[in-house]
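For reference, the structure discussed in these notes is given below.
The values are calculated or read from the model by the stated rules, or taken from the named source; none is laboratory data. No experiment lies behind these values; they were computed from the predicted model shown. Every residue, glycine among them, receives a Cβ derived from its backbone with ideal geometry; neighbour counts consider all protein chains shown. Side chains included, ligands, DNA and RNA excluded: accessible areas come from the protein's heavy atoms. Shrake-Rupley method; radii C 1.70, N 1.55, O 1.52, S 1.80 Å.
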Amino acid sequence: WRANVDGRLNLELTLWVLEDVKKAEFSKRVYNLPELWENRNVNASVSIAGVTSTGEIVLLMEYTSNPFYVFYYNLDSYTLHRVEIQGIEAFESYRVRAFVDHVEDLKFLTSS
């Protein structure tokens with residue numbers, strides 16, 4: 001990650017992709033992400049939570065805040081979608097963990 005270039009937040013995502021397992025060859029791919037917090041002075045850590053089944057990288061603020069966002073970055077179209085998570089205002093400054101594509105078995109919850 002890189003920050004504060006010409007007074008703007010500039011995030012750079014670097015991925016090391018395993019190209020050949022037997023030779024242990026990796027390629028480096030660098031993506032310049034758009035500014036995540038439009039017109040907002042935020043000093044927040046962001047981590048990668050995982051990759052969705054559609055190939056979007058899920059970026060997550062590491063601590064709860066108000067507002068709290070989860071970001072989806074599409075490596076093919078270079079687009080970023082920001083989703084605001086509501087209802088966690090009472091838990092400000094708690095560390096967050098996320099699981100990508102996790103589904104609970106709701107039948108288990110309703111059976112007695």
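Here is how the numbers come out for the structure above:
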{"item": "Only listed residue being in a strand (DSSP E or B) and surrounded by 14 or more Cβ atoms within 10 Å (Cβ to Cβ), chosen from Val83, Val70", "result": "Val70"}
{"item": "Near pairs, Cβ below 9 angstrom, 6+ apart or cross-chain, from segment 95-107 (over 15 Å from Ser65 (Cβ atoms) and modelled with pLDDT of 70 or more) to any residue that is open to solvent by 100 Å² or more (accessible area, probe 1.4 Å) and small (Gly, Ala, Ser)", "result": "Val100/Ser53; Asp101/Ser53"}
{"item": "Checking Glu56 against (1) more than 15 Å from Leu11 (Cα to Cα); (2) open to solvent by less than 60 Å² (accessible area, probe 1.4 Å); (3) in contact (Cβ under 8 Å) with a residue 40 or more places away in the chain, the condition it does not meet", "result": "(3)"}
